[in-house]
Amino acid sequence: MSRLMTLLLCVFATMALAEARVRRYKWDVKYEFKSPDCYKKLAMTINGKTPGPAILAQQGDTVVVEVTNGLVTENLAIHWHGIRQIGTPWSDGTGGVTQCPIFPGDTFTYRFVVDRPGTYLYHAHYGMQREAGLYGSIRVSLPDSMVKPFTYDYDKSIILSDWYHQSTYEQTSGLSSIDFVWVGEPQSLLIQGKGKFDCSKLAPPSSDPSACNATNPECSTYIQTVVPGKTYRLRISSLTTLSALSFQIEGHNMTIVEADGHYVEPIVVQNLFIYSGETYSILIKIDQEPSRNYWITTNIVGRDATATTPPGLAVLNYYPNHPKRVPPTDPPAGPIWNDVTPRLAQSLVIKARQGYIHTPPPKSDRVIVFLNMQNEIDGYVHWSVNNVSLTLPHTPYLIALKENLHHVFDQRPLPDQLYNFADYDIYHVANNTNATSSNAIYRLKFNTTVDIILQNANTLNANNSETHPWHLHGHDFWVLGYGTGKFDIDNDPKKYNLANPIMKNTVPVHPYGWTALRFIADNPGAWLFHCHIESHFYMGMGVVFEEGIEKVGKLPSEIMGCGETKGFERP
Ligand code: C2O
Ligand code: CU
């Protein structure tokens, strides 16, 4: 090779390394019959698949996804979970908040920059469509020139989810009728889209052999083949509809190294507790007896599903054993479902990684206490915060705010804490007679520091408090602390971890406990903050924050077309 050639090649190679690329995807969304747990159900697919295709990109890349809604009679919106959408708040994909839904037959293009490395997700964000299987993973790798604080040989993504046999429509109709119908626990847990329902449990047994077929390849066990001696990074994420999960790999310790896109101080666990909307990277060493395979398992925690939902099973296949060789042991039992202690302990022990700590501002400008409540409004069961249950307006907030359409949602400010929070008894069924539904929002002063206290309480059932994983769009927050019982506004803030708190986009509030968060309102737009349990959000468990709306650039006309936005479609 001539010297000039070598030089040119070097120049091109460096350019390719340094230059952010555009990653283009073309997705067709439609309903198809699928059998992810052997039971045939209408599932929402992307290019024929559930989970959908993984998005693989490098920090700084622009991701362009052209989505065609082939659902025929149903609207659609897709959210990029964990991507902050700085400068592109209209690409957040939140139906009713940041855009009009994509109407049947229409094509909508999402375009956004993935500005940080890490493990993220995408999923439908309209009605309860996520439940129907529209989700997938986003993996953003570091620029080639940067090194990670840990090493591994292989990098894999695994999404955990729960799966119902009842359709989205059956579920939403049940939730929104006066004779409230609750779907109960899921039929199956899926590991990377695969589970196993016991077809003999169908009542009455179906005479149609295709309705539930244990030998259908769509429900073959998920197999992760591994090479002895190597280290694997597994990016474990949860997009369950309802369930909190624990995740285990038989005979192997897991070292947690990343959470929601941030490096954490490595900690070794046997069970990884993971809530809907969270992502973790774990490292495992393939160092066990190599002549056999091992179980990968996931179980429901936090709710009693012992009689209803079998554990999700997959196989860690030690090469060169046959991948179909069943491990010689019984799948190990998961942790006890109603023991909160180890879950709270995991929440408390995870800290930001030395050398990668972003310290939070030492003080906040505003403290908002969100009391998590279940209540009845006009005979319907709702979830709410501070007695207000969120309903989305027909005109998306982002457009209404930017175009000054003041009449499309309630302009009154919402309270920063329940008027009687000081006396509120979180341990008993409250008689919340003044609960209301509202589409009012919280307006945050741009660039201010906001503290959120998530306070859990009793539900409408005696002696019951549920785990709620809260997810914030458009930001990461610091997790300053967790506690049990009622938050003490005078004393608990003194115990905040301001030295090395992790940053996340999704965090649980444990039963009868509280969780304290801090974030900076520095991303112009309208952002949802909500419980990631799909039915809870559907029943109103969320709020909307506005900040810096005047700094939002010109809205693309593609997000218009519904409610009062029709006139804004064309310049
Ligand atoms: Cu992953 Cu608003 O959700
Ligand atoms: Cu919830």
**Selection count where residues are without any contact (Cβ under 8 Å) to a residue 60 or more places away in the chain and surrounded by fewer than 24 Cβ atoms within 10 Å (Cβ to Cβ), scope the range 93-112** = 6
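Take the residues in the range 538-554 that are in a strand (DSSP E or B) and more than 12 Å from ligand 1 (Cβ to nearest atom); name whichever of them is nearest to the chain's Cα centre (by Cα). Don't jump to the end; show me each part of the working.
To start, the set of residues in the range 538-554 that are in a strand (DSSP E or B) comprises 542-547.
Now narrow it down to the ones that are more than 12 Å from ligand 1 (Cβ to nearest atom): 545-547.
On the way: F545: 18, E546: 21, E547: 22 Å.
Checking each candidate, the answer is F545.
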**Any chance I274 is aliphatic (A, V, I, L, M), under 20 Å from the mean Cα position of the chain (by Cα) and under 16 Å from A314 (Cβ atoms)** = yes
**Complete:** If we keep only residues of the range 69-92 that are of a type in the set (A, V, I, L, M) and buried (at least 24 other Cβ atoms within 10 Å of the Cβ), then the residue nearest to V22 (Cα to Cα) is I83
**Item:** Sole residue being closer than 18 Å to G513 by Cα and touching a residue at least 60 places away in the same chain (Cβ under 8 Å), chosen from N386, N447, N456
**Value:** N456
**Asked** Residues of the range 485-534 being more than 16 Å from ligand 1 (Cβ to nearest atom), touching a residue at least 60 places away in the same chain (Cβ under 8 Å) and among the charged types (D, E, K, R), which ones?
**Response** K486, R518, D522
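Looking at the range 397-405, can you tell me whether even one residue there is in contact (Cβ under 8 Å) with a residue 60 or more places away in the chain and within 16 Å of ligand 1 (Cβ to nearest atom)? Let's see the steps before the verdict.
Residues of the range 397-405 in contact (Cβ under 8 Å) with a residue 60 or more places away in the chain: 397-403, 405.
Checking the rest, the ones that are also within 16 Å of ligand 1 (Cβ to nearest atom) come to 397-398.
Yes, that holds for at least one residue.
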**Complete:** Filtering the range 115-127 for residues that are surrounded by 22 or more Cβ atoms within 10 Å (Cβ to Cβ) and more than 16 Å from ligand 1 (Cβ to nearest atom) leaves a count of 0
**Request:** For E546, state whether it is away from ligand 2 (no atom under 13 Å from the Cβ) and touching a Lys or Arg at 6+ places or on another chain (Cβ under 6 Å).
**Result:** yes
**Message:** Just the residues that are more than 15 Å from K41 (Cβ to Cβ), surrounded by fewer than 19 Cβ atoms within 10 Å (Cβ to Cβ) and among the polar types (S, T, N, Q), please, taken from the range 128-171.
**Reply:** S141, S145, T151
**Request:** Evaluate the range 433-455: report whether one residue or more is at pLDDT below 95 and surrounded by fewer than 17 Cβ atoms within 10 Å (Cβ to Cβ).
**Result:** yes
**Item:** Residue among F247, F180, F197 that alone is assigned by TED's automatic domain parsing to the domain that holds Y154 and surrounded by fewer than 16 Cβ atoms within 10 Å (Cβ to Cβ)
**Value:** F180
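Take residues that are away from ligand 2 (no atom under 16 Å from the Cβ) and of a type in the set (S, T, Y) and tell me which of the strands (runs of 3 or more DSSP E) falling wholly in the range 328-410 contain 3 or more.
On the way: elements: 366-377, 380-385, 388-390.
Correct list: empty, since no element meets the threshold.
Looking at the range 64-179, what strands (runs of 3 or more DSSP E) fall wholly within it and have at least 1 residues that are within 30 Å of P228 (Cβ to Cβ) and in contact with a Leu (Cβ under 7 Å, 6 or more places away or on another chain)? Break it down into steps so the answer makes sense when it comes.
Working: elements: 78-81, 107-113, 118-124, 135-141, 154-163.
Correct list: 135-141, 154-163.
Just the residues that are aromatic (F, W, Y), within 16 Å of ligand 2 (Cβ to nearest atom) and either out of contact with any strand residue (DSSP E or B) (no Cβ under 9 Å at 6 or more places or on another chain) or assigned to a strand (DSSP E or B) (or both), please, taken from the range 521-537. Write out each step before concluding.
Keep residues of the range 521-537 that are aromatic (F, W, Y), which gives 527, 529, 537.
Of the ones still in play, those that are also within 16 Å of ligand 2 (Cβ to nearest atom) are 529, 537.
Across the range 521-537, the qualifying residue is only F529.
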**Asked** Between residues in the range 327-356 that are over 13 Å from Y482 (Cβ atoms) and residues that are among the charged types (D, E, K, R) and exposed (fewer than 15 other Cβ atoms within 10 Å of the Cβ), which pairs lie under 9 Å by C-beta distance while being six or more apart or on different chains?
**Response** W337/D304; N338/D304
**Prompt:** Across the range 129-153, what is the total count of residues that are closer than 30 Å to E32 by Cα and either within 12 Å of ligand 1 (Cβ to nearest atom) or touching a strand residue (DSSP E or B) at 6+ places or on another chain (Cβ under 6 Å) (or both)?
**Reply:** 11
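How many residues are free of Cβ contacts under 8 Å to residues at least 24 places away in the same chain and either buried (at least 19 other Cβ atoms within 10 Å of the Cβ) or under 24 Å from the mean Cα position of the chain (by Cα) (or both) when one looks only at the range 357-383? Even if it seems obvious, please write down each step before you answer.
Here is the first cut: in the range 357-383, the ones free of Cβ contacts under 8 Å to residues at least 24 places away in the same chain are 378.
Next, only the ones that are either buried (at least 19 other Cβ atoms within 10 Å of the Cβ) or under 24 Å from the mean Cα position of the chain (by Cα) (or both) stay: none.
Total satisfying the criteria: 0.
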**Prompt:** Which condition does G540 not pass, out of (1) within 16 Å of ligand 2 (Cβ to nearest atom); (2) among the small types (G, A, S); (3) on the phi < 0 side of the Ramachandran plot, if it passes all the others?
**Reply:** (3)
**Item:** Pairs where the first residue, in the range 178-204, is aliphatic (A, V, I, L, M) and the second is part of a helix (DSSP H, G or I), C-beta under 7 Å, 6+ apart
**Value:** V181/G174; V183/Q171; V183/G174
**Request:** Return a yes/no flag: does the range 422-436 have any residue that is in a loop (DSSP other than H, G, I, E, B), without any contact (Cβ under 8 Å) to a residue 60 or more places away in the chain and either charged (D, E, K, R) or within 16 Å of ligand 1 (Cβ to nearest atom) (or both).
**Result:** yes
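The values are calculated or read from the model by the stated rules, or taken from the named source; none is laboratory data. From a predicted model like this one, the values you see are computed outputs, not experimental measurements. Cβ coordinates were reconstructed from backbone atoms using ideal geometry, including for glycine residues, and neighbour counts include every protein chain displayed.
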